[in-house]
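The values are calculated or read from the model by the stated rules, or taken from the named source; none is laboratory data. Every value quoted in this text rests on a predicted model; they were computed, and no experiment measured them. When we count neighbours, we look across all protein chains shown, and the Cβ atoms used for this are built from the backbone with ideal geometry, even at glycine. Just the protein is used for accessible areas: all its heavy atoms, side chains included, with ligands, DNA and RNA removed. Shrake-Rupley method; radii C 1.70, N 1.55, O 1.52, S 1.80 Å.
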Amino acid sequence: MTDRRFPGISDVVTQESINAYAELSGDYNPLHVDLEIAAASEFGGTIAHGPISFQSLFRSLTEGLDVEALPAGSSVSVTYRAPVRPGDAVTARIVRPADESAADGALAASCVNQDGVTVLSGSVLLPPA
């Protein structure tokens with residue numbers, strides 16, 4: 001069941017945002033920033049850096065908790081499932097585990113693209129309030 005505290009925030013990824021992240025991070029891997037090389041790769045075009053893929057997840061968490069940053073002691077663990085490409089709209093989904101009797105603050109998290117493809121999945125552990 002979706003946790004109503006956390007909105008399903010979407011972010012549209014652009015080549016400009018990928019290039020800006022490359023500038024910020026210093027990660028100029030051609031798969032991210034070189035249109036010609038990326039087009040010849042197994043991906044057939046540029047793909048976003050990993051952290052761009054879960055930007056909407058962090059925004060959903062911080063907005064849902066009404067904080068600027070996750071509380072100290074929080075833990076986020078993700079696995080990348082599919083590439084994120086320019087033009088993709090990535091939406092965060094945060095849900096309570098099926099066993100709601102667990103009172104440890106654990107949440108299941110995922111991000112999906114506009115086609116419903118899960119681009120990452122994982123878990124969030126929030127410290128006790």
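Here are a few things to note about the model shown:
- Listed residues A39, A48, A109, most fluctuating in the chain (Gaussian network, C-alpha, under 10 Å): A39
- Portion, in percent, of the accessible area of the chain that falls on carbon or sulfur, probe 1.4 Å: 53
- From phi via Karplus (6.51, -1.76, 1.60), per-residue ³J(HN,Hα) for the range 58-68 in Hz, x at Gly/Pro: 5, 5, 5, 5, 5, 5, x, 8, 6, 9, 8
- In order along the range 79-87, phi translates into HN-Hα couplings of 10, 6, 10, 7, x, 10, 10, x, x Hz, rounded to whole numbers, per the Karplus curve 6.51 cos²θ - 1.76 cosθ + 1.60 with θ = phi - 60° and x for Gly and Pro.
- Using the Stokes-Einstein relation with a Kirkwood hydrodynamic radius computed over Cα pairs, the translational diffusion coefficient of the chain at 37 °C and a viscosity of 0.692 mPa s comes to 212 µm²/s.
- For the range 10-125, the per residue solvent-accessible surface stands at 54 Å², with DNA, RNA and ligands left out and a 1.4 Å probe.
- Couplings 3J(HN,Hα) of the range 33-41, computed from phi: 10, 9, 4, 6, 5, 5, 5, 8, 7 Hz, in residue order, whole Hz [Karplus 6.51 cos²θ - 1.76 cosθ + 1.60, θ = phi - 60°; x for Gly and Pro].
- Once the Kirkwood radius over Cα pairs is known for the range 34-96, the Stokes-Einstein relation at 37 °C and 0.692 mPa s delivers a diffusion coefficient of 240 µm²/s.
- Multiplying the residue separation of S74 and A20 by 0.36 nm and subtracting their alpha-carbon distance yields 16.7 nm.
- As a calculated quantity, the FRET efficiency between V67 and Y28 at R0 = 25 Å, using C-beta atoms, amounts to about 0.15.
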